[in-house]
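Enquirer: Just passing along the structure, written as structure tokens.
No value in this document is a laboratory result; all are computed from the given coordinates. Quick caveat, the model's predicted, so the values are computed rather than measured. Because the Cβ atoms are built from the backbone with ideal geometry, glycine has one as well, and the counts that use them run over all protein chains shown.
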Amino acid sequence: MKKISVLVPTYNEQDNVIPLSQAITAEFEKLPQYDYEIVFIDNDSKDSTRERIRGLCAGDSHIKAIFNAKNFGQSNSPYYGLTQTTGDCTILMCADFQDPVEMIPVLIKEWENGYRIVSAIKTTSKENKFIRFLRTCYYKSLKKLSDVEQIEHFTGFGLYDKSFIDILRELKDPTPFLRGIVAEFGSKRKEIPYEQQLRKSGKSSNNFYSLYDLAMLSFTSYTKIGLRLATFVGLFISLGSFLVALVYFIMKLIFWDTFNAGIAPLIIGIFFLGAVQLIFLGLIGEYILSINKRIMNRPLVIEEERINFEESKEEK
């Protein structure tokens, strides 16, 4: 009997974990030909999420849990969780019901048709239209700038065959960007559309800083444009500065007694060049920070506790 794993990353999802586990279980009751496991990986929630997950694990051996020792970020925790699943394939989905549970049979069907990765693409969404517009701009920009063909409006929700999970285990990337890795290494991939729902309960933990961090992770991992743009803009400004200086010098020679531009152009030029330098120093710093994290090669997460994994260990 084939086994399907469902991985659900959580952070402060106390009102969602119980109804979500019930909804997932109900879907698998319609698919008796499959064994299954539901794996919650909690990123150090501050509410009662862990207590409720413990209760679920105590009442159903199909439900497992990994509790991280602290919050290791929204990229590391799901990636690590994928590598800990034991099914013939793994479905990754959010805990807030934005990823429709009803998609599980659709994902499995495409997997049975021979696809190793089934990517769910949110072609429509009930989220704020302005936020949707910004996300669209981000995806299109990354797609154009990246050396690897990126997947637009792909959040990670989808199904991954065990063979791809093995690739994730072998990569040993301390700062993984799952969506980019899927685009780079995923073979026999099928895209299926869906409408992203509104969060059922609770408040999203995403903020400007976390979204910016994720955007820069993708930008520094899959583009060179930042560094090359700094070089080209520097050359362009240097050439422009030389031409301005040459014109100024010629005007001074021709109109020696009357020409006087004052120091305003000099001050404006200094501030402009300083701003450009700071922008690109910050951009280069992002690349260096990404390199530094990879060189340190620290673990993706550190576990504090895991529940109902005893059978899995014996199988290994």
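Enquirer: Between VAL106 and ASN297, what FRET efficiency follows from the Cβ-Cβ distance if R0 is 45 Å, with the result rounded to 0.05? Kindly include the intermediate steps, with their values, before the conclusion.
Expert: On the way: r = 38 Å, r/R0 = 0.84.
Efficiency at R0 = 45 Å is approximately 0.75.
Enquirer: Calculate the spin-label point distance for THR83 paired with ALA26, positioning each point 7 Å from the Cα along the beta-carbon direction, and give it in nanometres.
Expert: 3.6
Enquirer: Here's something else I'd like to know. Please list, in order along segment 95-101, the HN-Hα scalar couplings obtained from phi with the Karplus expression 6.51 cos²θ - 1.76 cosθ + 1.60 (θ = phi - 60°), rounded to whole Hz, x for Gly and Pro.
Expert: Residue by residue, segment 95-101 yields 8, 9, 6, 5, 9, x, 5 Hz.
Enquirer: Still on this structure: Expected output is a single nm value to one decimal: the length gained when fully extending between LEU278 and ASN113, i.e. 0.36 nm times separation in residues minus the C-alpha distance. What is it?
Expert: Details: separation 165, 0.36 × 165 = 59.40 nm, distance 5.21 nm.
Length difference between fully extended and current span is 54.2 nm.
Enquirer: Taking the number of other C-beta atoms within 10 Å as the exposure measure, put MET1, MET251 in order starting with the fewest. Kindly include the intermediate steps, with their values, before the conclusion.
Expert: Values: MET1 8, MET251 13.
Going from least to most buried by this count: MET1, MET251.
Enquirer: Okay, moving on. First check a/c for segment 88-190, with a ≥ b ≥ c the square roots of the eigenvalues of its C-alpha gyration tensor; if it is under 1.5, answer rounded, and if not, answer prolate when a/b is larger than b/c or oblate otherwise.
Expert: Numbers: a/c = 1.84, a/b = 1.18, b/c = 1.56.
It is oblate, given that a/c is not under 1.5 and a/b is not larger than b/c.
Enquirer: Starting from the Cα-Cα distance between THR136 and ALA245, subtract it from 0.36 nm times their residue separation and give me the gain in nm to one decimal. Don't skip to the end; give the middle numbers.
Expert: Working: separation 109, 0.36 × 109 = 39.24 nm, distance 4.24 nm.
In short, 35.0 nm is gained.
Enquirer: Each label point is 7 Å from the Cα along the Cα-to-Cβ direction; what then is the distance between the points at ASP35 and SER61, in nm?
Expert: Modelled inter-label distance: 1.0 nm.
Enquirer: Quick query: amide H of GLY186 versus all other amide H atoms, modeled in the peptide plane; which residues come in under 5 Å with a sequence gap of 5 or more or a different chain?
Expert: none
Enquirer: Also, I was wondering about something else. Take the Cα pairs of segment 1-107, get the Kirkwood Rh, then feed it into Stokes-Einstein at 25 °C and 0.890 mPa s and tell me D in µm²/s. Write down the numbers at each step before the final one.
Expert: Numbers: Rh = 13.7 Å.
Once the numbers are plugged in, D ends up at 178 µm²/s.
Enquirer: So how much slack lies between THR124 and GLU149, counting 0.36 nm per residue of separation and subtracting their Cα-Cα distance, in nm? Intermediate values should be presented prior to the final figure.
Expert: Working: separation 25, 0.36 × 25 = 9.00 nm, distance 2.12 nm.
Result: 6.9 nm gained on full extension.
Enquirer: List the residues whose amide H sits under 5 Å from the amide H of GLU304, counting only those 5 or more places along or on another chain, with H placed 1.01 Å from N in the peptide plane.
Expert: Counting only residues 5 or more places away or on other chains, the set is PHE67, ASN68, ALA69.
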